[in-house]
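All remarks here apply to the structure that follows.
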Amino acid sequence: MSTSNLKVETMAEFAARGEMPEILFWVGCSGSFDDRAKKITRAIVKILNHVGIKFAVLGTEESCTGDHAKRAGNEFLFQMQAMQNITVLNGYQIKKIVTGCPHCFNTIKHEYPELGGNYEVIHHTELVRQLIAEGKLSVQGGSFQGKKITYHDPCYLGRANNIYEAPREIIAELDADLSEMKRSRAKGLCCGAGGAQMFKEAEKGNKEVNIERAEEALASQPNVIAVACPFCNVMMTDGVKHFNKEQEVKVLDVAELVVQANNL
């Protein structure tokens with residue numbers, strides 16, 4: 001990932017100086033390799049730099065959490081991938097992890113402990129909300145003031161971890177009009193990517209899940225569809241393109257909303 005003028009250091013660099021960062025930023029496969037998701041990664045880094053949080057990434061020492069292998073039924077591969085990461089994390093004595101991916105968040109938080117990986121894991125929307133509450137980050141409406149924004153709940157953030165309000169409270173700070181979809185919060189509909197579905201061919205049916213969800217999101221004629229997961233971002237973007245609405249409706253991560261509103 002090219003970080004151009006962004007300040008990003010690795011855990012190896014911190015360890016070489018005998019220092020420990022406040023948090024480890026877990027980038028994830030999507031945030032590292034997918035061109036669209038890299039923009040979300042940069043947005044999170046900009047926020048961390050802006051508030052002066054001392055953080056580090058694992059860089060090339062970070063491997064896939066194993067989430068997709070586990071959801072697809074390959075428990076053996078999951079445990080191999082998980083143990084590799086846990087060995088690295090424990091070697092650096094990591095205590096606190098922030099990530100922009102709900103899949104990484106859920107797996108490290110709930111499934112790594114039984115394999116010996118015990119960490120405080122927070123999603124980036126929780127961190128941003130906390131920074132706002134502590135007065136360390138002020139969010140202006142900026143270009144989103146008065147705009148209509150609808151928010152899509154990622155399955156692994158919402159139903160799996162009961163995090164519904166943090167992203168909405170951040171959007172409220174933008175002075176935007178938050179328009180809820182017919183199915184939201186605990187009744188929200190999956191974007192269609194979860195459970196490793198993103199990496200397999202579609203099954204027989206009348207309509208793709210992401211088309212159904214995008215149709216719901218577009219029903220209120222929003223200016224922006226806000227998401228908090230790189231996989232949801234892909235699926236909702238494809239859905240918006242399906243309806244030829246990409247010029248009128250932008251799909252943006254909550255972190256990107258904050259960065260664009262504040263011109264970070």
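Remark: the stretch 11-129 carries a charge dipole of roughly 420 debye about the Cα centre, counting +1 on each Lys and Arg Cβ and -1 on each Asp and Glu Cβ. Taking the centroid of alpha carbons for each part, the stretch 163-185 and the stretch 221-264 are 14 Å apart. Of the cross-linked pairs K207/K241; K204/K245; K7/K70; K38/K147; K46/K182; K54/K147, those separated by over 23 Å at the C-alpha level are K204/K245; K7/K70; K38/K147; K46/K182; K54/K147.
Based on DSSP H segments of at least four residues, each scored -39500 (n - 2.57), the chain has a per-residue ellipticity at 222 nm of -12500 deg cm²/dmol.
For the stretch 139-261, the Kirkwood estimate of the hydrodynamic radius, built from every pair of different alpha carbons, is 14.5 Å. In the calculated pair-distance distribution of the chain, the portion above 32 angstrom amounts to 21 percent of the Cα-Cα pairs. Loop-resident trypsin sites (Lys or Arg not before Pro) (DSSP state other than H, G, I, E or B) in the stretch 161-249 with no more than 13 further Cβ atoms inside 10 Å of their Cβ: K182, K200, K204, K207. How many nm is it between the label spots at E22 and E61, if each spot is 7 Å from the Cα in line with the beta carbon? With each label point 7 Å from Cα toward Cβ, the separation is 2.1 nm. For the chain, modelled as a GNM whose springs connect Cα atoms under 10 angstrom apart, the maximal fluctuation among F78, F144, F243 occurs at F243.
Report relative contact order for the stretch 44-196 in percent, whole number only (criteria: Cα-Cα under 8 Å, sequence separation at least 6). Worked out over the stretch 44-196, it gives 20 percent. Label point of E134 set 7 angstrom out along Cα-Cβ; within the stretch 10-28, amide nitrogens under 19 Å from it belong to 20-26. Dipole magnitude for the stretch 102-216: computed about the Cα centre from +1 point charges on Lys and Arg Cβ and -1 point charges on Asp and Glu Cβ, it is near 260 debye.
Read-outs: derived from the displayed coordinates by stated rules, not from any lab. The structure displayed is predicted, hence computed values, not measured ones. Positions of Cβ are backbone-derived with ideal geometry, glycine not excepted, and every protein chain shown enters the neighbour counts.
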